[in-house]
1. In the neighborhood of R233, defined by Cβ-to-Cβ distances under 15 Å, what is the net charge if each Lys or Arg adds +1 and each Asp or Glu adds -1?
2. In region 550-573, whose amide N lies under 20 Å from the spot 7 Å out along Cα-to-Cβ of D242? List them in ranges.
3. How large is ³J(HN,Hα), in whole Hz, for each residue of region 142-159 in order, when computed from phi with the Karplus curve 6.51 cos²θ - 1.76 cosθ + 1.60 and θ = phi - 60°, using x for Gly and Pro?
4. Going highest first, how would you order 212-224, 246-258 by mean Cβ packing within 10 Å?
5. In whole Å and largest first, what semi-axes does the C-alpha gyration tensor of region 466-656 yield when each eigenvalue is scaled by 5 and square-rooted?
6. May I ask you to work out the translational diffusion coefficient for region 300-402 at 37 °C, viscosity 0.692 mPa s, via Stokes-Einstein with Rh from the Kirkwood sum over Cα pairs, reported in whole µm²/s?
7. For a quick size check, give me the Cα extents of region 5-233 along its three principal axes, largest first, whole Å.
8. May I ask you to compute the full-extension gain from E164 to S185, defined as 0.36 nm times their residue separation minus their alpha-carbon distance, rounded to one decimal in nm?
Amino acid sequence: MELDKKKEKEYEYEDEYEYDNILKGKAMTRYGYHGRILHAHLNDLRLEIETPDESFYRTYGGGSALGLYYLLRHTPANADPLGPQNTLTLALSVLTGAPISGQSRMTAVAKSPQTGAVGDSQGGGFFPAEMKFAGFDAIVLHGRAPHPVYLWITNGQAELRPAEHLWGKTTDVVEDILKDELGDSKIEVLQTGIAGENGVRYAALISMANRANGRTGMGAVMASKNLKAVAVRGKDRPKVFDSKGLNALAKWGAKEFPESDAYGTGVLGTAEIVLSQNAVGGLATRNWASGVFEGHEAISGHRMQETILKERDTCYACTVRCKRVVEVTEGPFTADPRFGGPEYETLATFGAYCGIDDLAAIAHVNQLCGQYGIDTISCGATIAWAMDCFEQGLITTEDTGGVELRFGNAAAMVQMVEQIARREGFGDLLADGSDRAAERIGRGSEELVVSVKKLEMPAHMPHVKRSLGLIYAVNPFGADHQSSEHDPGYRAYPERMAQIGLTNPQRPKEMNEAKVEFALRSQYVYSATDTYNVCQFVFGPAWQLYDTAQMAEAIRLITGWDVTVEELMQVGQRRLNMLRAFNAREGIGREQDTLPKKMYKALSGGRTGGLALSRDEMETAKEQYYAMAGWDAETGNPTRATLTSLGLEWVADAFER
Ligand code: SF4
């Protein structure tokens, strides 16, 4: 199905209009964006192009906020997340594809089938930049196709093609078929996998067979639309306002990188922190019973480098090169370099959470998650929860189909990942995530779940980073470790913190009003990174290569807009309020802003042995946070005044209709 001719004509008219203005000396050149958003109406296989004006891009920036704009506009309250009413947006930003590190990111936004709340997930690699070069700033997916299709976009043209032959195949095979079919080995493919097709609630979107938009089940949403993949290729690079200035900033980054605190991420990948997390008692072990894991060295980035690391990999134009590529050719568990290598979160959830110190087994399940399209965090954490239930006698081999699902059993873990992807045996239950599985099993298994808003918790422990517990609780799409700066950053980077209005450094284990302010203001910056779609290892308020002021400078150089740190933070604040507003519409607010019961039980062993979080401390922090955020104290929802101050009257109005 070709583009809707009428809309295409409208677009041509836009170009004519621009040409007319150029002739009159009033050029309306767009910098950093195309001004073209592709809408795919899958019910009747119809495509159309929307051409928003510059103020739209400046207000929403791209990424998560842009996706939320369409979600709030097009998805009615209480829609089925796996039904045709859910709107899935794949959004780039005004920075995507520019020649500087850390900009090749894409955000997927829809209602989450895992949580029932707003879903939001970022991924990197080469797909985002290539999608930009293919000529669009975002793709908005409406409805459900009558049969499996894929979307092919090249140089501003889009087409929906049959995809029956791709259904049921692993991501690597699909990518090979599409490159062959489209006659170009350089196309980039974003796809849902077998897990998404089978409705695994934490199914991921995968590109390059090794990069994931992992969290909140966006792969299941794409599959529910009968859309298997999006393939992109193009040469349409948006103009940069100040190429010379951007080049100088990129060169500064490349020169500074070896001296910067981001350097370790490049050398050892995110796996760098396994040892330090364990040393402070912050490596969640055996389903969060302890913060120390006796097998930490065996699953560390250092061990990976000595043994199975084949090479480092990168995202488009990034100097950091933090991605791992591993290879295991012998033994019971192998790993093909095509599927990259495990990140810290994968090592922790399939490793320490499950009491498994077998690096090859973790590399193998990392490959399976890439091949099938599964979020490694929720998958590893859900298996760890099931192992905990098994160890405590709440489930037996009768439940698991004969599998001895004990901590440390690597073969059982691998078997469960296979079963989850195909929804076979006990894996069918685990494919719904730990909360829903616990609801079905009962017998006290609910007490062992470690999640917020049904999203399994990532591997950073709030016991050693107190404000992270607050952010885990209040974050609209569930527990997330990349929605605010972690506590050690406040004391370690005072000058950078001052840029975002934080001048009262606090210790990591302190929790007080100053820490709440740190959590909220750094959350605005992180929220901006997910809106401008930049990598949080490259741009951020603390240890990253570029600080917040440099992020604003990069936006200025690319777009020509006079963006300040204050405007950048307001963009982040706007996106946070949109996330929260979506939840409010679904009846999700303060009551769901809670940490799992396990957080209030004492840990065993190491430096955090005997430590538990305090409910009173958390409730007080929440109240302070709502007040600072301009949210209603009782409901935790954004007030009309707050929404209005952010230019979101239309969101407030929608609630009152
Ligand atoms: S730091 Fe790593 S994840 Fe981020 S853009 Fe660079 S290579 Fe990609």
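Read-outs throughout are calculated quantities, based only on the coordinates presented, and are distinct from any laboratory measurement. These figures come from a predicted structure and were not determined experimentally. Here the Cβ positions follow ideal geometry from the backbone for every residue, glycine too, while neighbour counts run over all protein chains shown.
1. Details: positive: K132, R161, K179, K186, K235, R237; negative: E130, E159, E175, D180, E181, D184, E188, D236.
Once positives and negatives cancel, what remains is -2.
2. Answer for this model: 550-569.
3. With coefficients 6.51, -1.76 and 1.60, one gets 10, x, 8, 5, x, 8, x, 9, 10, 9, 10, 10, 8, 6, x, 9, 9, 8 Hz.
4. Numbers: 212-224: 29.9, 246-258: 15.0.
So the order, starting with the most tightly packed, is 212-224, 246-258.
5. Over the Cα atoms of region 466-656, the ellipsoid semi-axes are 27, 23, 13 Å.
6. On the way: Rh = 14.6 Å.
Estimated diffusion coefficient is 225 µm²/s.
7. Here the Cα extents, ordered largest to smallest, are 56, 42, 37 Å.
8. Numbers: separation 21, 0.36 × 21 = 7.56 nm, distance 2.13 nm.
Computed gain between E164 and S185 is 5.4 nm.
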